Every structure is written in C-alpha cells, then in structure tokens.
1. Sticking with the crude label model, points 7 Å out along Cα→Cβ, report the distance from Phe403 to Thr288 in nm, one decimal please.
2. Take every DSSP beta bridge with both residues inside region 157-279 and express the antiparallel ones as a percent of the total, to the nearest 5.
3. Taking the Cα-to-Cβ direction at Arg99 and at Asn38 and moving 7 Å from each Cα, how far apart do the two end points lie in nm?
4. Average projected area of the Cα convex hull of the chain, in nm²?
5. Could you derive backbone 3J(HN,Hα) for region 43-50 from the dihedral phi with the Karplus parameters 6.51, -1.76 and 1.60 (θ = phi - 60°), listing whole Hz in sequence and x where the residue is Gly or Pro?
6. Mind listing the phi-derived Karplus ³J(HN,Hα) values for region 354-368, rounded to whole Hz, using 6.51, -1.76 and 1.60 with θ = phi - 60°, and x for any glycine or proline?
7. Roughly how many Å² of Cys44 are accessible to a 1.4 Å probe, to the nearest 10?
8. Starting from the amide H of Val355, placed 1.01 Å from N in the peptide plane, find each other amide H under 5 Å away whose residue is 5 or more places distant or on another chain.
Amino acid sequence: MKKKTILLLTLLLAAFWAGRAQDTLRMMQYNLMYYTNNSGVSDCNATTNNLDQKDANLRTIFEYVMPDVFCVNEIGSNVTYADRILDNVINTNGRDYYRHGPLTNYSGGYIANMIFYDSRKLTLHSNTFITTSYRDINGYTMYYNSPDLAGGDTVFITFWVAHLKAGNYDDNIAARLVQTQRLMNRIATSGAPGNYVLSGDLNLYGAEEPSYQELINYSNSLYRFYDPIDREGHWNNNSMFADIHTQSTHSSSTDCFSSGGMDDRFDLILVSPYIFYGSQNVQVLPETYHALGQDGNRFNGSIISPQNNLIPNNVAQALYNQSDHLPVIAEFAIDATVGIAERTNDFLCKVVNPVRDNLDIYLHGIQPDQYTIEILSIDGKCLATYRKTLSEGGQRLSLPFPFQPGMYLLRLSNSKHQEQISKLVK
C-alpha cells in the first residue's frame, strides 16, 4: 500500500511539473549617483555629472540588461527626474510600456528612491514609505499580470527599496541599525509574511554589522531576509569577495565619483523566506544573481581597468561614466497559471539542483521539530532515510548522495506528518 501511495504521488508530481507554466522576472538594482541637478556636492555639478550624458549611459546599460523591475537610489527628489528617465532612457526605441511608482521624500533631502517596471508583466497595487533621519525607505507592492488574473489568481510581490546611511563611523553604523529596525517592524506588523524583496545601496561593510543582522536574524523568523548567494562575511577591502564587490567603479578620484576601486559590497538584493524557498509561487534563482560587469578581476581596480572582457566595451564604459556603483541583477521564477498558495506546512524547503555527491537542502521551520528525509527512486523505492532534529529558523543540510546520475524524489516530513515532495536531478 505504501509503495502504491508513493507511486501515485510521483505521478501527481510529474503531472504538476508538466502542466506548470513559468515566467521569469529580471530585476536590476542601481545607485545612479546623483541623478539630479541639485546634488549638494560641490564637485558634482551639471558639467561633471551631466544628465544628458547620464541618460545616454543609462540607456546603454538598460538596453543591455532589459530588466522587468528596475529599482534605483539617488534619483532627484522631484518626480520630474523619474519622468525624465522614463521618457529619455526607458520608454525609447519603440518601448512605451514601462511605468514608474510614486515618488516620496518625506524624510527630506535632494535624492530619493524609485521603481520602474514593465506594465505588461506587473501592475502597481499599492505603495508605502518609512521615514528615517536620512531618506525614505519605499515599499511597492506589485501583482503579476497572470493569464488567470480575470479569475482572481495572481501573485503579489513587495519590493522594498532602501538607501541606508553611509559611513563607517559608530554613529553611521547606529543610524543604519535604526533604519533597518523601522523596516523590519513595518514588515512584521503589516500583515501575513509573504513575498518581499529588499534592494538598495545598504552601505554595509560586512555581514557582522548590526543592521545586516537585524535583517537576516529578525526575531520572527518568517519575516527574515535571505542573501540569495549566501556570501556572508566582512566584504570591505577583502579579496575573497572580489567577485561580488559593487563599489567603486573608479580607482582614482574623478569629479564626483568615489575612488578606491572595487572593494565594497554596498549594493544588495535580499529576499524573504517565501521567495528564497519558492513557497508562494515566486522563487529567486541564485545562479542569476550578479553585479553587472563584475568578473572578479576588479579588486581595488576600476570597471574598465584591467580590460573587462565579461561585457561589451560600450557597456563597461557606460558603467564607468554613469556611477561609482555597479548595478546588481537577479531573476525570479513565477508560476504563471496558479494563484497564491496557502501555507499548509510548518516548514519551507528548497533543494539545490542539480545534485552532486552531496544533497544540499535549505530548511526553514517555524518551530523546533524532528524531520524525516527520504530519497526515493522515480518508481517509489526508498533509497535512503535520514532523521534530523532541527531548531527554529533557517538552516542548511548537506547529506551524502552516492547515487547514479538520473532523476530522484525527495520526501521531507515533520512530526505532524506534514510533507513536501521535490524533484532531484543528478
């Protein structure tokens, strides 16, 4: 009877995979470096930071990436600057379907955040903001234009865009913590946990910073953020992280550009547990996460020196001339024909495919529990069983996988007999 049950589950799962329609959203996060006529910086003016030239550079970058969602920092705090980018950069060369969100500047200052999006794929549902001592943190809730939208089926995603306080002094670090505390408190009190993305110039020097820890180790584990590429460490001036550094594109001081070369990971995209595990029809694809033009050979150098062979020369030059930051890119898989899945399990699970000699599993439980992990052949035969007692929160398991190349199934269950079945490919 048990084998028949497993075989039935296998057939149902295979039908689910075959009938599942997916789309992909590409996101780009970029600090535009004072896209304004009022930068407040004496050596960053209409001559050294000319907006016509920035438009040309940004158009080159945008058309090379063609993101569906484009989140930016350091845009002028008047909506005319967002309109200018839309009209002069994005909705050009036959495009007329991008939109931008509302602009807020309740915290004051001359620069703000903004989101641009492809209206063929997404619709803005609502927006909110959090005031801080320095800049607003903006939240934009979108829904996906699903083929089943008329029937009420869609997927919601909230994109939070932040530009945290810069600097490496104690008061700067403390200010960043206050900003992230306000963000996490807002998210945790705004409703049920779900699909959230946080992106921006977070000005973090390392994962040990209190503000980063506030994001990834928030007291309620269902509202924590995950780093899609799992690259925690002290990023500043550390060659071990040369392949993910995002600032500075210039090795020497030039007008309003910061100097020092590529030695900081200031710009990040973080995701909620539900997007990391893909449990509400949106899943980040970690292999797509990268800083544009970052080939790992830039440590303390510029984006164009040594010669950059990863991207076309005109794109590298545009990155060099546009900003002292690199844009960060990530893609998200969306189930196009199903609505929001209700969470019926007390855990979230994600497996790393393809599997090699070890099976890596990311598991997030809302409470301590005992888990049974079974590896099954495609015909339902149990090949291996593991039992693990795990604490609350997210953790990574690495289990031996000494099986021949092929397709397998993973069945994971907890003490309440809640289970999830996933496909494994070796």
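The values are calculated or read from the model by the stated rules, or taken from the named source; none is laboratory data. Keep in mind it's a predicted model, so treat the numbers as computed, not measured. No Cβ is skipped: glycine too gets one built from the backbone with ideal geometry, and neighbour counts run over all protein chains shown. Keep in mind that these areas ignore ligands, DNA and RNA; they rest on the heavy atoms of the full protein, side chains included. Shrake-Rupley method; radii C 1.70, N 1.55, O 1.52, S 1.80 Å.
1. It works out to 2.8 nm between the two label points.
2. On the way: 8 of 14 bridges.
If we restrict to bridges inside region 157-279, about 55 percent are antiparallel.
3. Each label point is offset 7 Å from its Cα along the Cβ direction, giving 2.8 nm.
4. 21.5 nm²
5. 9, 10, 10, 5, 8, 7, 9, 5
6. For region 354-368, the Karplus-derived couplings read x, 7, 10, 6, 10, 9, 9, 10, 9, 10, 10, x, 7, 7, x Hz, x marking Gly and Pro.
7. Only protein atoms counted, so the area is about 10 Å².
8. Under 5 Å from the amide H of Val355: Val425, Lys426.
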